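Here's the structure we're looking at; comments come further down.
Bear in mind these aren't lab numbers, they're just calculated from the coordinates by the rules spelled out. Everything numeric here is computed off the predicted structure, so don't read it as measured data. As a convention, Cβ positions derive from the backbone with ideal geometry for all residues, glycine included, and neighbour counts pool all protein chains shown.
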2 protein chains.
Amino acid sequence: MKVTVLNNILEANDIIADEIRGILAPNRVLAINMMSSPGAGKTTLLERTIERLKADGVRVGVIEGDIATTRDSDRLRKFDVPIVQINTGSACHLDANMTKSALTNLDCSSIDVLFVENVGNLVCPAEFKIGEDHKVMLLSVTEGDEKPLKYPLMFRESSAMLINKIDLLPYTNFKMDEAKENALRINPRLMILPLSCTTGQGLDAWLNWVKAELAAKRKN
Amino acid sequence: MKVTVLNNILEANDIIADEIRGILAPNRVLAINMMSSPGAGKTTLLERTIERLKADGVRVGVIEGDIATTRDSDRLRKFDVPIVQINTGSACHLDANMTKSALTNLDCSSIDVLFVENVGNLVCPAEFKIGEDHKVMLLSVTEGDEKPLKYPLMFRESSAMLINKIDLLPYTNFKMDEAKENALRINPRLMILPLSCTTGQGLDAWLNWVKAELAAKRKN
């Protein structure tokens, strides 16, 4: 019974996710669904990312998903980019319906890259398509190198894994090689980019990836 | 429609949670449901806790909840205490039904304290009662001091919040006072215990809390 209901919800969700693709397609907006555990650094990465992309003339839009508060969108307001905050109330993930509603408040013709910051949760968001081109996940080194094996779905569904907070490596028992190996065992096609939003190390590779994906999207 | 189904699931869950209480009551087992984001340190805390409680003659049992792998229960095997591993497959939380099934593999007459390590998830586990006396949550300092406001349900439902990894405080922008204030705004009765499983700081206070709760349970 429970599984049947979930299947119906996911099928209904996928139909709306396709509608979102239809909305984004005419303007060739690159849509990136950002996912991670709470506190892995999604908002801080967005701060660094928006700052750099704006300087390069890339027009960014943001949908912020949180159970409660506008804290994350408040942090991004200083960049003067269009932001829509979704408060899910109790829902542990964004779904296509919420995302589509948020999109009605954004002018897609003035956006090159749409970042959707999902609710902090390493499990549930991976199940729901929201019309994105890529799911990008963050794993912070303080979370542990075995997480890909313990929470496989998100690692399987993602195009890229950003290993964040590498400035904290000396203070943890996180083994970078083991993390990469575990992640690639779950998803051999996963692009892995270690970085630190505090020191800036690795940010160039991430921004180059975004810009290359945007260029590829424009060519299609 | 979705909400109605969820209500039914939660009601059905609560009935089974009461059955679990009935199973644990004759032996006055203290049941603690441990919850946190992935990688906040639940298993490491259990390692320290079991070691210390065993030395004090307290008999511990463990139910380990993970989506996949037996990594966490493998880490606890060295303590020679009864452990049951639940692999939820895709479920993002333990429910009462899974917990009751696991309990059939434990001899409750030989356990004083039952620790149930939930799936790493700061959202969904808080919704499901599993017959516990207390929900105890971990927040690691690397996750950020604003998390109580952004993920309020778990902070509201918990009896105690362990602020873990305080050895990493010098390398983060986590403000301890702000974290406490935010948590108490959500739940004024929350017991807050900062600690580090790496240095051992604060572990005494946590173990004293567990032993005091066990003594109180025995008196009832």
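At a glance:
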{"quantity": "Amide H contacts of B:I192 (H built 1.01 Å from N, under 5 Å, at least 5 apart or other chain)", "calculated": "B:M161"}
{"quantity": "Long-range HN-HN contacts of B:I63 with modeled amide H, under 5 Å", "calculated": "B:V84, B:F115, B:V116, B:E117"}
{"quantity": "GNM top mover of B:D145, B:D80, B:D112 - chain B, alpha-carbon springs below 10 Å", "calculated": "B:D80"}
{"quantity": "For A:L94, distant residues with modelled amide H under 5 Å away", "calculated": "A:V119"}
{"quantity": "Selected from A:G57, A:G144, A:G202 as most flexible by GNM, with chain A as the system and alpha-carbon contacts under 10 Å", "calculated": "A:G57"}
{"quantity": "Debye, to nearest 20: dipole size of chain A, +1 on Lys, Arg Cβ, -1 on Asp, Glu Cβ", "calculated": "300"}
{"quantity": "Surrounding net charge for A:T198, when Lys and Arg each add one and Asp and Glu each subtract one, Cβ distance under 10 Å", "calculated": "+1"}
{"quantity": "3J(HN,Hα) from dihedral phi, the stretch A:105-120, Karplus parametrisation 6.51/-1.76/1.60, rounded to Hz, x for glycine, proline", "calculated": "9, 10, 8, 5, 6, 10, 10, 9, 10, 9, 9, 10, 8, 6, 4, x"}
{"quantity": "Prolate/oblate/rounded call for the stretch B:1-115, Cα gyration tensor, a/c under 1.5 rounded", "calculated": "oblate"}
{"quantity": "Rounded, prolate or oblate (a/c below 1.5 giving rounded, otherwise prolate when a/b exceeds b/c) for the protein assembly as shown by Cα gyration tensor", "calculated": "prolate"}
{"quantity": "Over chain A: Rg over Rh, Cα atoms, Kirkwood Rh", "calculated": "0.95"}
{"quantity": "Fraction of beta bridges assigned by DSSP in chain A that are antiparallel (%, nearest 5)", "calculated": "0"}
{"quantity": "From phi via Karplus (6.51, -1.76, 1.60), per-residue ³J(HN,Hα) for the stretch B:39-51 in Hz, x at Gly/Pro", "calculated": "x, 7, x, 4, 5, 5, 4, 4, 4, 4, 5, 5, 4"}
{"quantity": "Environment charge at B:T88 (Cβ cut-off 10 Å; Lys +1, Arg +1, Asp -1, Glu -1)", "calculated": "-2"}
{"quantity": "Mean Cα-pair separation over length for chain B, i.e. relative contact order, pairs under 8 Å, 6 or more apart, %", "calculated": "24"}
{"quantity": "Value at 222 nm in deg cm²/dmol, rounded to 500, when DSSP H runs of n ≥ 4 in chain B each add -39,500 (n - 2.57)", "calculated": "-12500 deg cm²/dmol"}
{"quantity": "Neighbour net charge for A:L214 - beta-carbon separation under 12 angstrom, K R +1, D E -1", "calculated": "+2"}
